[in-house]
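Report on the structure given below.
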């Protein structure tokens, strides 16, 4: 369903299992960055009411997810650590060339967001199935469903704001191929995408 070209290395869950505090901290910042991205789309494209409405709802939901993860961190006696660079997202954002029309810029932002949500969904599924902590398994199962909805929302919006649906689908497939190569070098760090 997600269309990812390469699944996560199964050993990643072992790294996550042994570094739950780091995974939860990284996850909290992923949720916070999702809020920022939604707000950025509102600021950048205020003339698109359907996009603005969708991003308002998404920002609220992602902020609620941040709170949920932060509460988990505190309830476990952990501390929210400092934010780290997300190498996955930084490298992913290098795919589409800079410049182009305002609408191309929107489509690219939406496709990046869709892919980040898809990979998060896949990682959350793994956590929901493989972690020893059953409470965390249940938590990640719920978030996995939410991430899947976000992934489809961003793809739907990308297709809505184009004149040529096939062009967006072609860009999406190219981005998936790029991400499949990118993910080969990741999966060895205690982070959601790393």
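The values are calculated or read from the model by the stated rules, or taken from the named source; none is laboratory data. This is a predicted model, so every value here is computed, not measured. Note that each Cβ is placed from the backbone with ideal geometry, even for glycine, and that neighbours are counted across all protein chains shown.
Mind listing whichever residues of region 57-81 are in a helix (DSSP H, G or I) and surrounded by 14 or more Cβ atoms within 10 Å (Cβ to Cβ)? First the steps, then the outcome.
Going residue by residue through region 57-81, those that are in a helix (DSSP H, G or I) are 57-75.
The answer is 58, 59, 61, 62, 63, 65, 66, 68, 69, 70, 72, 73.
List the number of the failed condition for residue 158; all other conditions in (1) farther than 26 Å from residue 14 by Cα; (2) without any contact (Cβ under 8 Å) to a residue 40 or more places away in the chain; (3) surrounded by 19 or more Cβ atoms within 10 Å (Cβ to Cβ) hold.
(2)
Being touching a helix residue (DSSP H, G or I) at 6+ places or on another chain (Cβ under 7 Å), at pLDDT below 95 and not in a helix (DSSP H, G or I), is that true of even one residue in region 139-147?
No, that holds for no residue.
What about residue 186, is it under 19 Å from the mean Cα position of the chain (by Cα) and within 19 Å of residue 37 (Cβ to Cβ)?
Taking the combined requirement at face value, the residue does not satisfy it.
In the set 114, 54, 16, which member is assigned to a helix (DSSP H, G or I), free of Cβ contacts under 8 Å to residues at least 60 places away in the same chain and surrounded by 14 or more Cβ atoms within 10 Å (Cβ to Cβ)? Lay out the reasoning, then the answer.
Numbers: 54 fails: free of Cβ contacts under 8 Å to residues at least 60 places away in the same chain; 16 fails: free of Cβ contacts under 8 Å to residues at least 60 places away in the same chain.
Testing whether each residue is assigned to a helix (DSSP H, G or I), free of Cβ contacts under 8 Å to residues at least 60 places away in the same chain and surrounded by 14 or more Cβ atoms within 10 Å (Cβ to Cβ) leaves just 114.
Give the residue, chosen from 34, 28, that is more than 21 Å from residue 179 (Cβ to Cβ) and under 14 Å from the mean Cα position of the chain (by Cα).
Working: 34 fails: more than 21 Å from residue 179 (Cβ to Cβ).
Answer to the selection: 28.
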